[in-house]
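Report on one structure; see the data block that follows.
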Protein chains: 2
Amino acid sequence: MSSLATKLTARFQWASSPLIVSAPMRVMAGPALAVAVSRAGGLGFIGPTIKTNEMLAVLKEASALTRKSTNLALPASKNLPVGVGFQLWSDDLETATQAVEKYKPCVVWLYAPKDVKDLDTWSRRFRDVSSETQIWVQVGTLAEVRALLKAAQPPDAIVIQGSEAGGHGRASDGLGLFSLLPEAVDLVAGRIPLLAAGGIADARGASAALCLGASGVVLGTRFLASTEAKINPGYQREIIRADDGAVSTTRTLLYNHLRGVTGWPKEYSPRGVINRSFIEHQAGTSFDELKKRHDELVRLGEKAWGPDGRTATYAGASVGLVRNVKDAGDIVREIQEGVRRMLRHEEGAKL
Amino acid sequence: MSSLATKLTARFQWASSPLIVSAPMRVMAGPALAVAVSRAGGLGFIGPTIKTNEMLAVLKEASALTRKSTNLALPASKNLPVGVGFQLWSDDLETATQAVEKYKPCVVWLYAPKDVKDLDTWSRRFRDVSSETQIWVQVGTLAEVRALLKAAQPPDAIVIQGSEAGGHGRASDGLGLFSLLPEAVDLVAGRIPLLAAGGIADARGASAALCLGASGVVLGTRFLASTEAKINPGYQREIIRADDGAVSTTRTLLYNHLRGVTGWPKEYSPRGVINRSFIEHQAGTSFDELKKRHDELVRLGEKAWGPDGRTATYAGASVGLVRNVKDAGDIVREIQEGVRRMLRHEEGAKL
């Protein structure tokens with residue numbers, strides 16, 4: 001058993017091994033999903049809100065849901081048994097700090113700073129107001145891991161995101177986890193636990209990530225097809241429908257721009273399911289025309305998603321492995337059981 | 001234990017579980033490497049030769065080496081205990097058929113046809129002249145797997161190559177094994193065994209691939225750093241030196257063109273370690289100037305490779321995990337032992 005993985009899981013009293021984490025997907029990973037994942041023995045994350053000040057209400061809701069759950073109402077824990085994610089380039093530090101101080105989530109997951117030094121600033125502020133809150137940082141390259149090891153405020157864990165991941169990831173300098181993760185494991189040399197994200201949707205992927213040396217496993221797309229996800233039914237149906245994820249998804253800024261989202265640092269670009277907007281964009285249709293068609297279809301609601309849809313369907317290449325909607329708790333338990341059947345050690349590589 | 005994996009390994013009397021395969025790397029995977037891998041209980045492949053008619057001499061040498069090895073001189077086996085790879089677009093079918101008829105390699109590995117129907121033609125010819133020779137086909141997309149399942153001459157196994165792989169792979173529509181491999185496993189639904197290639201360099205990667213559902217594991221770059229590889233010492237040193245494989249390698253046709261290699265079907269492009277040729281190409285130096293600098297340096301021998309080198313250093317993203325030269329047999333044995341320590345079942349996923 002990897003001692004790093006054991007120590008990481010032990011930080012979360014309700015969690016069982018192997019540590020299964022639901023990703024902090026913006027808006028779609030709300031309190032219901034996060035609490036359901038933690039309740040099942042995983043670690044649930046709440047994603048960034050559209051504006052940072054909405055996070056206070058969201059964490060209040062999570063806190064209330066937590067108190068209703070017998071196995072999460074742990075008197076010994078001073079922390080909210082769910083984590084929360086912030087997008088550094090767009091979230092507001094002062095408001096985020098207030099939310100962390102008030103609700104003390106067990107983990108804060110930091111991503112996409114405008115400047116790498118912002119990670120230190122945010123980490124210091126959160127640690128000042130909530131000393132038991134863990135800081136996790138998500139990266140997609142070895143260079144970022146190297147920088148974190150030398151940081152003034154090194155994180156408590158690093159999430160290594162492979163290029164199969166849905167939503168925002170490295171625009172062009174990322175690859176999958178197969179070589180990246182073990183190379184990162186060798187680089188950190190036991191100093192810090194690594195979690196694996198990107199392309200994992202079932203016990204096979206989770207086991208594979210643990211073999212490569214991860215201390216825990218993060219799933220995003222799989223939880224979009226959970227009962228508890230805050231997702232439009234049309235979007236969720238498309239997650240179930242799409243297959244051949246390596247080809248049916250792509251990284252492009254087009255869908256951000258169609259939705260009016262700008263400002264992401266240039267290192268990032270999101271992966272999503274290809275639909276008519278992208279196909280017509282490739283065929284040379286002007287952006288203005290695409291935007292017009294996009295906005296018209298979005299007004300019709302659910303029809304904006306799907307193969308004939310036009311709006312953003314952020315999803316990872318694992319989308320082809322997601323074929324039904326399940327309760328988040330069942331997703332966690334099935335993966336944990338599958339891993340236990342496959343691996344001699346349930347927590348990370350043992351060589 | 002996966003019955004597919006068990007059956008696949010059982011086809012090769014000398015092989016032990018899990019099945020570890022050395023890739024048929026063009027020229028560099030010669031008889032010495034292939035025989036050393038099979039002798040250690042793996043399955044060694046001889047790569048394509050520069051001209052197909054050289055394959056007869058190469059297989060003769062492999063045959064002689066085999067007879068010197070006690071554990072490979074198996075009277076019950078009518079087949080040469082090594083496999084051989086052909087590049088369909090460049091190799092000559094008549095000559096290849098003569099070689100297969102005369103030496104009856106246990107497997108022929110087919111790759112990169114100009115037209116997908118050529119796979120049927122080549123498979124039929126080889127099966128006609130050597131009924132016990134297995135046909136393996138290497139692909140990088142789900143669409144290719146789908147086509148193979150419907151082929152007139154379906155292969156005996158399919159090698160799924162993830163985008164981390166070195167040398168030639170899918171130019172633009174490939175991704176890593178994390179989602180691609182389990183999606184392919186679900187698609188073939190037990191009808192045919194799959195092998196995993198791309199980004200695997202040690203027991204961690206091998207175990208991960210088996211968890212994802214592979215029945216065997218293929219390594220290329222790791223065997224470039226073996227005692228038995230037919231490789232220039234400068235090239236081999238660069239394999240050992242290079243790290244951060246996700247960033248230090250890239251797919252580009254530039255190195256093919258600098259070496260005067262043209263004709264690969266447009267679906268393919270090779271991954272190699274970035275050196276001065278690529279950096280200067282990115283900076284805008286003309287091809288003619290790059291070619292001149294390349295050819296001058298190549299005349300100096302070993303110096304043509306390395307960070308200040310200019311010639312093709314085909315390698316996978318796993319290059320950062322390869323840190324020393326080892327005997328091929330030790331590579332096979334260490335991986336097999338590592339997998340056995342990690343997995344409850346040594347042969348493919350068991351869910």
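The values are calculated or read from the model by the stated rules, or taken from the named source; none is laboratory data. Here the structure is a predicted model, which is why all the values come from computation and not from measurement. Methodologically, a virtual Cβ is constructed for each residue, glycine included, from the backbone with ideal geometry; neighbour enumeration extends over all protein chains shown.
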Requested in this report: Determine whether residue A:117 is over 29 Å from residue A:336 (Cβ atoms), without any contact (Cβ under 8 Å) to a residue 24 or more places away in the chain, surrounded by fewer than 15 Cβ atoms within 10 Å (Cβ to Cβ) and not aliphatic (A, V, I, L, M).
Outcome: yes
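Name the residue, out of B:64, B:15, that is within 23 Å of residue B:203 (Cα to Cα) and outside the structural domain of residue B:312 (by TED's automatic domain parsing). Reasoning before the result, please.
Details: B:64 fails: within 23 Å of residue B:203 (Cα to Cα).
Step by step, each of B:64, B:15 is checked, and only B:15 is within 23 Å of residue B:203 (Cα to Cα) and outside the structural domain of residue B:312 (by TED's automatic domain parsing).
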Query - residue A:152 being touching a residue at least 12 places away in the same chain (Cβ under 8 Å), in the same structural domain as residue A:180 (by TED's automatic domain parsing), surrounded by fewer than 15 Cβ atoms within 10 Å (Cβ to Cβ) and closer than 17 Å to residue A:191 by Cα - result: yes
Query raised in the report: Assuming residue A:83 fulfils every condition listed in (1) without any contact (Cβ under 8 Å) to a residue 40 or more places away in the chain; (2) closer than 23 Å to residue A:22 by Cα apart from one, which condition is it?
Result: (1)
Query - Hits in segment B:296-323 - residues which are assigned to a helix (DSSP H, G or I), closer than 20 Å to residue B:25 by Cβ and more than 10 Å from chain A (Cβ to nearest Cβ) - result: B:298, B:302, B:304
Query raised in the report: Inside segment A:186-196, can you point out the residues that are more than 15 Å from residue A:140 (Cα to Cα), away from every other protein chain (no Cβ under 13 Å) and over 21 Å from the mean Cα position of the chain (by Cα)?
Result: A:189, A:190, A:191
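Taking the criterion of being free of Cβ contacts under 8 Å to residues at least 12 places away in the same chain and more than 25 Å from residue A:172 (Cβ to Cβ), would at least one residue in segment B:229-252 satisfy it?
Residues of segment B:229-252 that are free of Cβ contacts under 8 Å to residues at least 12 places away in the same chain, as a first pass: B:247.
Now restrict to residues that are more than 25 Å from residue A:172 (Cβ to Cβ): none.
Within segment B:229-252, not a single residue is free of Cβ contacts under 8 Å to residues at least 12 places away in the same chain and more than 25 Å from residue A:172 (Cβ to Cβ).
Looking only at residues that are assigned to a helix (DSSP H, G or I) and of a type in the set (S, T, N, Q) in segment A:111-138, which one is farthest from residue A:12 (Cα to Cα)?
Pass one, segment A:111-138, residues assigned to a helix (DSSP H, G or I): A:117-129.
Then keep just the ones that are of a type in the set (S, T, N, Q); that gives A:121, A:123.
Working: A:121: 25, A:123: 19 Å.
Applying the filter and picking the extreme gives A:121.
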Report summary line: Only one of (1) within 18 Å of residue B:323 (Cα to Cα); (2) more than 19 Å from the chain's Cα centre (by Cα) does not apply to residue B:154, and that is (1)
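Look through A:320, A:309 and report the one residue that is within 21 Å of residue A:167 (Cα to Cα), surrounded by 16 or more Cβ atoms within 10 Å (Cβ to Cβ) and more than 22 Å from the chain's Cα centre (by Cα). Don't jump to the end; show me each part of the working.
On the way: A:320 fails: more than 22 Å from the chain's Cα centre (by Cα).
Selected residue: A:309, the only one of A:320, A:309 that is within 21 Å of residue A:167 (Cα to Cα), surrounded by 16 or more Cβ atoms within 10 Å (Cβ to Cβ) and more than 22 Å from the chain's Cα centre (by Cα).
Taking into account only those residues within segment B:128-185 that are of a type in the set (Ser, Thr, Tyr) and more than 14 Å from chain A (Cβ to nearest Cβ), which is nearest to residue B:268 (Cα to Cα)?
Residues of segment B:128-185 of a type in the set (Ser, Thr, Tyr): B:130-131, B:133, B:141, B:163, B:172, B:179.
Then drop every residue that is not more than 14 Å from chain A (Cβ to nearest Cβ), which leaves B:130-131, B:133.
Details: B:130: 29, B:131: 30, B:133: 27 Å.
The residue in question is B:133.
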Report task. Evaluate segment A:77-100: report whether one residue or more is within 23 Å of residue A:10 (Cα to Cα), touching a strand residue (DSSP E or B) at 6+ places or on another chain (Cβ under 6 Å), away from chain B (no Cβ under 14 Å) and among the polar types (S, T, N, Q). Result -> yes
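Listed residues B:205, B:220, B:199; which is closer than 18 Å to residue B:43 by Cβ, at pLDDT 95 or above, in contact with a Phe, Trp or Tyr (Cβ under 7 Å, 6 or more places away or on another chain) and within 13 Å of chain A (Cβ to nearest Cβ)?
B:205
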Report task. Please state which one of A:52, A:9 is within 19 Å of the chain's Cα centre (by Cα), polar (S, T, N, Q), assigned to a loop (DSSP other than H, G, I, E, B) and crowded, with 17+ Cβ neighbours inside 10 Å. Result -> A:52
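When you go through B:298, B:322 one by one, which is the residue that is under 30 Å from residue A:342 (Cα atoms) and hydrophobic (A, V, I, L, M, F, W, C)?
Numbers: B:298 fails: under 30 Å from residue A:342 (Cα atoms).
Answer to the check: B:322.
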